[in-house]
Amino acid sequence: MGGRSLADRGNNLRPGADHATLAHLRAFPIIKQEATMMISGLRDLYVAELQEARSFEALLTEALPKMAKAASEEQLRQAFEQHLEATREQLESVEALLKEAGADLKAHQDQSMKVLIEQAQTMADMVAAGPLRDAALIASAQRIEHYEIAVYGTLATYAKILGLDNDHQILSGILGEEKDADDLLTDIAVGMVNPAGAEKEAES
């Protein structure tokens, strides 16, 4: 980029460029600077990510009962109900880690999980009850699981680097639970739900 500032590059946009775009480009360095000032080290980043994990576990304690209710396959319903219990325990564990760190439990709110849950609800509403909805529920649930796996994998790594052995052990345990939940959803999809959905489509 030749060392030119983002604001300078904004000035070279074509004539008649959107003023809102220019304003956004010029404001971006300020936003970035504020974020840098707020999180000044790996421990701060770790705590912020932990706070977001707490917020998405809280969201999931509300979403999972709805997903269980929407499921037709009994094994899928049971999987959602079992994971709800695990999620409640995970929420308690993450809150305990935050309290031990002396951090505000609700300083950071995860937005990505909100979107994933909203998309799951929208998709479930679009499909009639039965194998096809179950397949849609599994697809949505696995998107959620993969997001959680990414977050807890990162958190466990941060904890290890920071020498937080107890945190690392707890977060690694949660990571393992999320991977197991994802594997179970795959087994239900491959063994029951997807074949039933394909059979139903063949009949129609």
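The values are calculated or read from the model by the stated rules, or taken from the named source; none is laboratory data. The structure displayed is predicted, hence computed values, not measured ones. Here the Cβ is made from the backbone with ideal geometry for all residues, glycine too, and neighbour counts use every protein chain on show. Heavy atoms of the whole protein, side chains included, go into the accessibility calculation; ligands, DNA and RNA do not. Shrake-Rupley method; radii C 1.70, N 1.55, O 1.52, S 1.80 Å.
A few points about this structure:
- In summary, the aspartates and glutamates within cross-link reach of Lys69, defined as a Cα separation below 13 angstrom excluding same-chain residues under 8 places away, comprise Glu81, Asp125, Asp134.
- Chain lengthening between His146 and Glu100 when straightened (0.36 nm per residue, less Cα-Cα): 13.8 nm
- Across segment 76-132, the convex hull enclosing all Cα atoms gives 82 Å³ per residue.
- Separation of the Ile39 and Asn194 label points, Cα + 7 Å toward Cβ, nm: 3.5
- Computed over all pairs of different Cα atoms, the Kirkwood value for the hydrodynamic radius of segment 54-168 is 15.2 Å.
- Under Karplus coefficients 6.51, -1.76 and 1.60, residue-wise ³J(HN,Hα) of segment 51-62 in Hz, glycine/proline x: 5, 5, 4, 4, 5, 6, 5, 5, 4, 5, 5, 8
- Note that segment 109-165 presents 50 Å² accessible area per residue, ligands and nucleic acids not counted, probe 1.4 Å.
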